[in-house]
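Report on the following structure.
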Amino acid sequence: MKVVIVAPALPTKGGAARFTWEFSEYLASQNDDVTIISLYSNKDLFKGKNNLRIIDLADQNSMTQSIKFWLNLSKTRKKIKDLISELKPEIVLFMNFPATLWAQKFGKIPVLCYPQDINLLYTNTYIKNLTKGKYVTWLILRKIIRIIDKKLWNNFDDVICHSDFSSKNISKTYNVKTKVILLGTKTNVFKSTKKGKENVILSIAAQKTQRTEFLIKSIENLLKNKLNFKLWVVGSSGEHHEELKQLIEELELTDKVKLFGKVSDGTLVDLYSRSLAVIHLVKQPPFGLIVTESMSCETPVIACHPGGTDETIIHNETGFLINNEDKNALIEYINRFIDNPELSIKMGIKGRQRVQEFFELKSKNEELRSLMKTWISKKSL
């Protein structure tokens, strides 16, 4: 099978980029010929193989945060059309926004979409973390983009969502039929190191939308009053990292909160495994690989809902679900784990069993690949 995958960018191995890369590697392992077209990829993290190649159309400065991206939108669409004509794939798979803005028909070649998230365009979850100038600019720009975006979804032969929550949102927004193939997790990689639980909770802070600032402020007194209790924060970098560091210093929590910055998968697995719980406070999360990765490492999760978390976490069995601003519930559930570490172990075991049964990466990859082959057969008739 000759495949082209169109993705916005592969800057880090988090969330959407992780899925794009892991699925591409899986296809290559099945002897499929795979080309990823993106704006920018971090060559230190994503290295191609003989039958897995990456074509970068621009550079890191042309990412969606840049006005250059929007000015070059039509040029990028033309570049992609020319590349598809040159590569002659059997199928094209578009990943999440803004790659969907490049969507177009390519003759009889089936065009599928596997969108991760539409929150950037249709909610304020992400943009409210922008500076005032960028916030106002984006509000204006977003109105225009929405008009363009909705017209382009008719180019897709099929839309596959990674949760029922996303499926309902996308079906309602674009008036399209969707299928659901849940995101998968590598249970052979994300597994407990069996080093035992420490009196620590973990927060992933790769983006501001993960609301680590809210978490720190909410549990300030808990951190100060529980002598051996600590918070570990992973994934922060740049300006966000400095803001967290400043907040921790202002609250006099430097001996209670540890910032790890960006870490390898091996280190992340170790931190997941040793924590009593992982805190995931994204509002209306479309899915959240953090949740299934943590559960796969036998660590329960406290997360916000509604969202894809309602499909991954069984409340009071593999973790706890809270409303977005419910500080009291957040503190209560953290206290339960501190006072009873055995609860973390018990929930963790059930969490891994759930991931193995419903979110195993290999089976999800097989399901998506099978669907792609079906579409190739349909279009060839």
Name the one entry in F287, F260 that is outside any helix (DSSP H, G or I), buried (at least 24 other Cβ atoms within 10 Å of the Cβ) and touching a residue at least 24 places away in the same chain (Cβ under 8 Å). F287
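Filter region 202-227 for residues that are of a type in the set (K, R) and closer than 21 Å to E242 by Cβ; which is surrounded by the fewest Cβ atoms within 10 Å (Cβ to Cβ)?
Residue satisfying both the conditions and the ranking: K217.
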Within region 151-158, identify whether any single residue is part of a loop (DSSP other than H, G, I, E, B) and either modelled with pLDDT under 85 or on the phi < 0 side of the Ramachandran plot (or both), and answer yes or no. yes
With the requirement that a residue be modelled with pLDDT of 85 or more and among the small types (G, A, S), what does region 32-84 give you? S38, S41, S74
Please specify each residue of region 192-225 satisfying the condition of being under 19 Å from the mean Cα position of the chain (by Cα) and either small (G, A, S) or modelled with pLDDT of 95 or more (or both). L202, S203, A205, A206
Please enumerate the residues belonging to region 332-370 that are in contact with an Asp or Glu (Cβ under 7 Å, 6 or more places away or on another chain) and over 14 Å from F320 (Cβ atoms). I349, R352, L361
From the list I91, I118, pick out the single residue that is under 19 Å from the mean Cα position of the chain (by Cα) and either closer than 18 Å to M1 by Cβ or modelled with pLDDT under 90 (or both). I118
Tell me yes or no: at least one residue of region 100-115 is closer than 29 Å to G288 by Cα and either at pLDDT below 75 or small (G, A, S) (or both). yes
On the given criteria, is E311 outside the structural domain of C161 (by TED's automatic domain parsing), touching a Ser or Thr at 6+ places or on another chain (Cβ under 6 Å) and either at pLDDT below 95 or surrounded by fewer than 24 Cβ atoms within 10 Å (Cβ to Cβ) (or both)? yes
It is to be established whether one or more residues within region 185-195 are out of contact with any Asp or Glu (no Cβ under 6 Å at 6 or more places or on another chain), surrounded by 14 or more Cβ atoms within 10 Å (Cβ to Cβ) and assigned to a helix (DSSP H, G or I). no
With the structure loaded, tell me whether R354 is in a helix (DSSP H, G or I), outside the structural domain of Q210 (by TED's automatic domain parsing) and in contact (Cβ under 8 Å) with a residue 40 or more places away in the chain or whether it fails that test. no
Exactly one condition in (1) surrounded by 14 or more Cβ atoms within 10 Å (Cβ to Cβ); (2) part of a helix (DSSP H, G or I) is false for E249; which is it? (1)
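The values are calculated or read from the model by the stated rules, or taken from the named source; none is laboratory data. What you see is a predicted model; the values in this text were computed from it and never measured. Note that we place each Cβ from the backbone using ideal geometry, even for glycine, and neighbour counts take in every protein chain shown.
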